[in-house]
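J.: Please see the structure below; I have some questions.
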Amino acid sequence: MAESWSSLDTAECNFRPLVVIELAKGTKEETIEWFTKRVVDKKTDGGAQLLIKPLVTENGHENIYLVGASHLRLLLGAETVGLVKECNDNSMRTFTYSSRKTFKDFADDNHSFLTMAECQYIIKHELENLRARNEKMIPGYPQAKLYPGKSIVRRLLTNGILVQIFPLHDREELKKLSHSWYGRVKVGYQPLDDIRCYFGETIALYFGFLEYFTFALIPMAVIGIPYYVFAWEDYDKYVMFATFNLLWSTVILEVWKRICAILTYRWGTLLMKRQFEEPRPGFHGVLGINPVTGREEPVYSSIKRQLRIYLVSLPFVCLCLYFSLYVMMIYFDLEQWALDYHKENESNFSSLVLYVPSIIYAVVIEIMNRIYRYAAEFLTSWENHRLESSYQNHLILKVLVFNFLNCFASLFYIAFVLFDMKLLRQSLATLLITSQILNQFAESLLPYWLQKRHNKRMKKRESSQKTDADLSLAEQVNMEKEMGTYLGTFDDYLELFLQFGYVSLFSCVYPLAAVFAVLNNITEIYSDALKMCRVYKRPFAEPTANIGVWQLAFETMSVISVVTNCILIGMSPQVDALFPDSRMDLVLTVALVEHLLLAVKFIMAFVIPDKPRDIQLKLDKLEFESLEALKQQQMKLAAESLKE
């Protein structure tokens, strides 16, 4: 970190601030004293055994605290959270303090053995695992009830006593990363290993997938350009393009699994064991006993949750879907009006008017998607899911169903009800391009502009105070605490999911869809990188072994694309001419081909291994060694019991 932090060294050797804790203004002194004591207390006394200091400014410490840890404490924490590091024999193993000398680049005086992101993740884990012992409430706040085993930090957050916890940026490392990542326009790969070291595996894996998906779109774009130029009105030729689309959508997802395995093995997260999930912060219920852990915690009836889901959430989602279809029909009325206006006037202006309904509809779709997202978050929170994974799965399902219908229903209607390929091409192009422009503006350009204005005001306000190194740290903390909070990769994956739908479902009708997707993703890489480095607070690293439920979402979309493209092929004049006398024969033939292609798709998914052979062998070897070690331990215990 910056040299300015060295001035904070006190009795603890080289105190290095890693995490910032901001308490609410007016927090009672007894609460602060109790909480900070629990942070520094030894693990044996129920504390986190971390280092904590107030951030002193000209106006006092303002209830902002800096948290760090000794090198030894971080190493012990690395063992607790199960970090996987590279050994001297180039294998990947779970770190243990007792075998620390066997790990590559380890030395007692090498404080860079653990990355800063890993250190911050360890501190976050330790803070979240600060649990109440005999306390019945937060001191000074009788309404903030505690019970044995309850997470103290989560209770402070839910009661508004603790405003936020966030990791500090390392300005020097961030500057280097920014330069190599987005500081200069270049043709090449992203520094994924550097991104992982700074932001953690979840964010690095998103950028890895974004990069991979962009490269995977290039073959579709290369084929699409001449197809667009030379066969613009020749619908017969989209049979070949649709066939290629079917194979492409399957292969890229299977290949991604292998690339994902290579990356996560190198980063160590492929080997990390899944930890027992704690109840999410928003979960509430009557105090009871968890039958698995035996600990006292809130218990909520699953029957009540199911009633909320099926009697409230499901009808609400269905109502939203109906409203989306109603808006879609209004859009078609506007399309008819624009067409009639063009027929009456036949001018350049009337030609432009033809695109107005699609542009308006694309804007309305984006607005509806964002409003529905807030409603879905409220409903999913109200359903009171115990685990964060369950909450995320239900939220993603709600959002994906609505977004899929909202974005693609009009295209399905045009293709399979109106049978208007020209209107389908126009609508697809307008929806795709408009949504990309709106997303770039809303997600990157607008937040960056707002953050830049805020930073200028902060610098003017604090320029008079900037006299020594300590104030440099205070300025950094005050600027970062006002920055927006990165809410995770949900919206980023959702944008790619919808883009994949536009390309895989109907791109044979508009072959330039892949071209625009490639151009958008190139700018997306730079704008998202800028957003992570300049707009938002640094997020905590989150270890992950894959892209989670999004892999299933993309695979589901690829299955739907098989059905869609088969029907488009069956509707082509070229295929229709093969069955002049019987429509039923055509339908049966298309259905047979669709089933065969789905069978080929699933066979390919089965045949292509999810992990490369060398990585699978390493995993099998580690599993064998762990089983042998367990066997040796059991034999040792048995021998000792016989001696007794």
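J.: Over 28 Å between Cα atoms, which of Lys101/Lys150; Lys175/Lys618; Lys42/Lys150; Lys257/Lys398 qualify? Could the numbers behind the result be given before it?
T.: Working: Lys101/Lys150 36 Å; Lys175/Lys618 36 Å; Lys42/Lys150 18 Å; Lys257/Lys398 25 Å.
Cα-Cα > 28 Å for Lys101/Lys150; Lys175/Lys618; rest within.
J.: While we're here: Kirkwood Rh over alpha-carbon pairs of region 246-404, then Stokes-Einstein at 4 °C and 1.567 mPa s: what D in µm² s⁻¹, rounded to an integer? Please list the in-between numbers first.
T.: On the way: Rh = 20.3 Å.
In µm²/s, the coefficient rounds to 64.
J.: For Val56, which sequence-distant residues (separation of 5 or more, or a different chain) have an amide H within less than 5 Å of its own amide H, given hydrogens modelled in the peptide plane?
T.: Under 5 Å from the amide H of Val56 lies no amide H from a residue far enough along the sequence or on another chain.
J.: Okay, moving on. Got a sec to turn the phi values of region 323-337 into Karplus ³J(HN,Hα) couplings, 6.51 cos²θ - 1.76 cosθ + 1.60 with θ = phi - 60°, whole Hz, x for Gly and Pro?
T.: Rounded to whole hertz, the list is 4, 4, 5, 5, 4, 4, 5, 4, 4, 5, 5, 5, 4, 5, 4.
J.: Relative contact order of the chain: what whole-number percent is it, with Cα pairs under 8 angstrom and at least 6 residues apart? List each step's numbers first, then the result.
T.: Details: 747 pairs, mean separation 124.7, N = 644.
Relative contact order, the chain: 19 percent.
J.: Ordered by residue, what ³J(HN,Hα) values in Hz, to whole numbers, does region 125-135 give under the Karplus form 6.51 cos²θ - 1.76 cosθ + 1.60, where θ = phi - 60° and Gly and Pro are x?
T.: The phi angles translate into 4, 5, 5, 5, 9, 5, 10, 5, 10, 10, 5 Hz.
J.: Among the listed pairs Lys28/Lys136; Lys124/Lys481; Lys37/Lys537; Lys37/Lys124, give every one whose C-alpha distance is greater than 21 Å.
T.: Numbers: Lys28/Lys136 17 Å; Lys124/Lys481 17 Å; Lys37/Lys537 27 Å; Lys37/Lys124 17 Å.
Over 21 Å Cα-Cα: Lys37/Lys537.
J.: Suppose accessible area is computed on protein heavy atoms with a 1.4 Å probe; arrange Asp528, Asp614 from highest to lowest. Each step should come with its number before you reach the end.
T.: Working: Asp528 0, Asp614 85 Å².
Ranking Asp528, Asp614 by accessible area, largest first, yields Asp614, Asp528.
J.: Quick one: order Lys25, Lys175, Lys398, Lys42 from most to least accessible surface, probe 1.4 Å.
T.: On the way: Lys25 200, Lys175 145, Lys398 20, Lys42 125 Å².
These residues rank, largest area first, as Lys25, Lys175, Lys42, Lys398.
J.: Give me the mean projected area, in nm² to one decimal, of the convex hull enclosing the Cα positions of region 19-168.
T.: Values: hull surface 38.9 nm².
One quarter of the hull surface, i.e. the mean projection, equals 9.7 nm².
J.: Here's another thing I want to ask about it. Give me the accessible area of Phe624, 1.4 Å probe, in Å² rounded to the nearest 10.
T.: Using a 1.4 Å probe on the heavy atoms, I get roughly 120 Å².
J.: Turning to a different aspect of this structure: In terms of solvent-accessible area of protein heavy atoms at a 1.4 angstrom probe, what is the ranking of Phe606, Phe113, highest value first?
T.: Listed by decreasing accessible area, they come as Phe606, Phe113.
J.: Sort 570-578, 92-100 by the packing proxy (mean of other Cβ within 10 Å over each peptide's residues), most packed first.
T.: Numbers: 570-578: 13.8, 92-100: 15.7.
With the highest mean Cβ count within 10 Å placed first, the list reads 92-100, 570-578.
J.: Starting at the first residue of region 540-545, write each ³J(HN,Hα) from the Karplus equation 6.51 cos²θ - 1.76 cosθ + 1.60 with θ = phi - 60°, in whole Hz, x for Gly and Pro.
T.: 5, 5, 10, x, 8, 9
J.: 5 Å is the cut-off here: which amide hydrogens, built 1.01 Å from N in the peptide plane, fall below it relative to Gly484, excluding neighbours closer than 5 in sequence?
T.: For Gly484, the qualifying residues are Lys537.
J.: Find the percent of Cα-Cα distances in the chain that exceed 35 Å, and round it to a whole number.
T.: Working: 107383 of 207046 pairs.
So the pairs more than 35 Å apart make up 52 percent of the total in the chain.
J.: Next question, about the same structure. Scaled to the compact-protein estimate 2.2 N^0.38 Å, what is the alpha-carbon radius of gyration of region 95-229, rounded to two decimal places? Walk me through the intermediate numbers first.
T.: On the way: Rg = 22.7 Å, N = 135, 2.2 N^0.38 = 14.2 Å.
After normalising by residue count via 2.2 N^0.38 Å, the value is 1.60.
J.: While we're here: If you count only protein heavy atoms with a 1.4 Å probe, what accessible area per residue comes out for the chain, rounded to a whole Å²? Can you show the working numbers first?
T.: Values: 32050 Å² over 644 residues.
Using a 1.4 Å probe on heavy atoms only, each residue of the chain averages 50 Å².
J.: State, as an integer percentage, the relative contact order of region 278-386 based on alpha-carbon contacts under 8 Å between residues 6 or more apart. All intermediate terms of the calculation are to be shown ahead of the outcome.
T.: Values: 62 pairs, mean separation 34.3, N = 109.
For region 278-386, the relative contact order is 31 percent.
J.: Can you give the net charge of the other residues whose Cβ lies under 14 Å from the Cβ of Phe378, counting K and R as +1 and D and E as -1? Let's see the in-between values first.
T.: Numbers: positive: Arg308, Arg370, Arg373, Lys398; negative: Glu377, Glu383.
Counting the neighbours of Phe378, the net charge comes to +2.
J.: Is the C-alpha gyration tensor of region 502-644 telling us rounded, prolate or oblate? Criteria: a/c under 1.5 is rounded; beyond that, a/b larger than b/c is prolate, otherwise oblate.
T.: Working: a/c = 4.53, a/b = 1.70, b/c = 2.67.
Oblate is the answer for region 502-644, as a/c is 1.5 or above yet b/c matches or exceeds a/b.
J.: I've got another one for you. Counting only residues 5 or more places away or on other chains, whose amide H sits under 5 Å from the amide H of Ala144 once H atoms are built in the peptide plane?
T.: Amide H neighbours of Ala144, under 5 Å, 5+ apart: Ile138.
The values are calculated or read from the model by the stated rules, or taken from the named source; none is laboratory data. Since we're looking at a predicted model, the values are computed, not measured. So basically every Cβ, Gly included, is an ideal-geometry build from the backbone, and we count neighbours across all protein chains shown. With ligands, DNA and RNA removed, areas are computed over all heavy atoms of the protein, side chains included. Shrake-Rupley method; radii C 1.70, N 1.55, O 1.52, S 1.80 Å.
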